[in-house]
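Down below is the structure, laid out as structure tokens.
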Amino acid sequence: MKTLVFLEHHADGLTKPSLAALSKAASLGGEVAGVVAGSGVGELASTAGPFGAGVVFVADDPRLESPLPQPRVDVLAALVRDEGFDTVLFAQSVLAADIAAALAVRLGAGLNWDLADLVESGGELIGKRPALADSVWVDAGWSSTPRIALFRSGAFDPVEVGGSAEVRAVEPSLEAHSLLAELVEPAVVEVSGRSIEDADVVVAGGRGLGAPEGFKAVEELAEALGGAVAATRAVVDAGWYPYAAQVGQTGKTVSPKLYVAVGISGAIQHKVGMQGSGTIVAINKDPNAPIFDFADLGVVGDLNEIVPPLTELVRQHRGG
Ligand SMILES: Cc1cc2nc3c(=O)[nH]c(=O)nc-3n(C[C@H](O)[C@H](O)[C@H](O)COP(=O)(O)OP(=O)(O)OC[C@H]3O[C@@H](n4cnc5c(N)ncnc54)[C@H](O)[C@@H]3O)c2cc1C
């Protein structure tokens, strides 16, 4: 097996989900390489070595500065053809999904998306995809190579295995049509605090908070615990909290060590985004709320009476 992993980067380095995809590739064995495409990205390449990349290809070119898919499709398609990769892995993001889809068309390759795992069985690669509101697992395979896979965000964590990567510069040969699109203006949503994908503790708020102002108590508890704030779709749709914080089927998948659900009923579409958390604590006034069926610890009562004193106790305990 010869695997290429797309290593997406932001201002602060390679993204955690793409390093996690690299770790997954390394765990499956064979030759594993990464590719970084951007402008001024030479330094980033070596940071992938400890996560299992034997080689990291770097396409460093001012024409790759904007996070646009088509020039990156040119870079990856050339690498797959020239280096003979049989598998290309992506971690879910808007950019990665665009590149993966266009690369599949360019190479006439099969793309399996929304995979939560990838395993090797009898010499074949099998993608594991949750289906039917995540109530069953589906095995997804490929009938030819190269195989392209797009992993669900938060499906796994990066694993440092040590080692260093050989960094190889590649000269991107970009098609004229790939340079036609231009980034006019980036629309960046500023989110304060830690990202919910990276945090060890996530405190999530739902409709039970009663109003957008209810999130203040959730933010204070999260701060006391050193965690990040998440939300259900009901409150995101109501405009109480930004979409970046939404956990669930149409939001993010998170797996912190501790997930505190405040005023959340526990609908299946929310559950699928947080059921991999280490310990789930639910605070809900309805003893029959579905969340108590899968919470490790349930507190039945009014969140307005429970959350502020809990925050105070945490602060005292942590000496803050
Ligand atoms: C296709 C599809 C995709 C979806 N994707 C997502 C998704 O990605 N993420 C997601 O979260 N949802 C998603 N949903 C919506 C989902 O079905 C639920 O509607 C949503 O999760 C409910 O949010 P909630 O728990 O905040 O609100 P509710 O279901 O209204 O629950 C509020 C809870 O708060 C409790 N409560 C009320 N007052 C208090 C109080 N004072 N103290 C303590 N508890 C209190 C209530 O007992 C209740 O259990 C999706 C739905 C569909 C159809």
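Here Thr87, Thr311 are placed in order of increasing Cβ neighbour count within 10 Å, fewest first, which gives Thr311, Thr87. Where only DSSP H runs of four or more residues are counted, the chain gives -7500 deg cm²/dmol as its mean residue ellipticity at 222 nm, each run worth -39500 (n - 2.57). Debye-formula intensities of region 255-320, expressed as log10 I(q)/I(0) at q = 0.17, 0.28 Å⁻¹, are -0.60, -1.19 (one equal scatterer per alpha-carbon, no solvent). Cβ-to-Cβ counts within 10 Å put Met274, Met1 in ascending order as Met1, Met274, the fewest first. The mean of 1/r over all distinct Cα pairs in region 129-237, once inverted, gives the Kirkwood hydrodynamic radius of 19.5 Å. Applying the Kirkwood pairwise sum to the alpha-carbon positions of the chain produces a hydrodynamic radius of 21.0 angstrom. Cβ crowding within 10 Å, taken as a proxy for footprinting-reagent exposure, orders His10, His270 from fewest neighbours to most as His10, His270.
Restricting the calculation to Cα atoms, region 194-320 yields a radius of gyration followed by a Dmax of 12.9, 38 Å. For Lys216, the lysines whose Cα comes closer than 20 Å to its Cα, not counting residues fewer than 8 places off in the same chain, are Lys285. Return the sequence-ordered ³J(HN,Hα) values of region 106-120 in whole Hz as given by the Karplus equation 6.51 cos²θ - 1.76 cosθ + 1.60 applied to θ = phi - 60°, using x for Gly and Pro. Going residue by residue, I get 4, 9, x, 9, x, 10, 9, 10, 6, 7, 9, 6, 9, 10, 9 Hz, with x marking Gly and Pro. Here's the list of lysines a cross-link from Lys128 could span, going by alpha-carbon distance under 21 Å and ignoring same-chain residues fewer than 8 apart: Lys2, Lys16, Lys24, Lys252, Lys271. Dividing the Cα radius of gyration of region 22-126 by its Kirkwood radius returns 0.94 for Rg/Rh.
Computed from Cα atoms, the angle from the helix 215-225 axis to the main principal axis of the chain rounds to 70 degrees. Dipole of region 53-147 computed with +1 at Lys/Arg Cβ and -1 at Asp/Glu Cβ about the Cα centre; of Gly141, Pro130, Val105, farthest Cα towards the positive end is Val105. Placing unit charges on the Cβ atoms of the charged side chains and taking the dipole of the chain about its Cα centre, the candidate lying farthest along the positive direction among Gly49, Ala222, Ala176 is Ala222. With a cut-off of 12 Å between beta carbons, the residues surrounding Ala204 carry a summed charge of +3, where Lys and Arg count +1 and Asp and Glu -1.
Taking the Cα centre of region 164-320 as origin and assigning +1 to Lys and Arg Cβ atoms and -1 to Asp and Glu Cβ atoms, the resulting dipole is close to 460 debye. Only Lys, Arg, Asp and Glu carry charge here, each on its Cβ (+1 for the first two, -1 for the last two); on that basis the chain has a dipole of about 580 debye about its Cα centre.
Bear in mind that the values in this text are calculations on the coordinates, not laboratory data. Here the structure is a predicted model, which means the values were calculated and not measured. Using ideal geometry, Cβ is built from the backbone for each residue, glycine included, and neighbour counts are taken over all protein chains shown.
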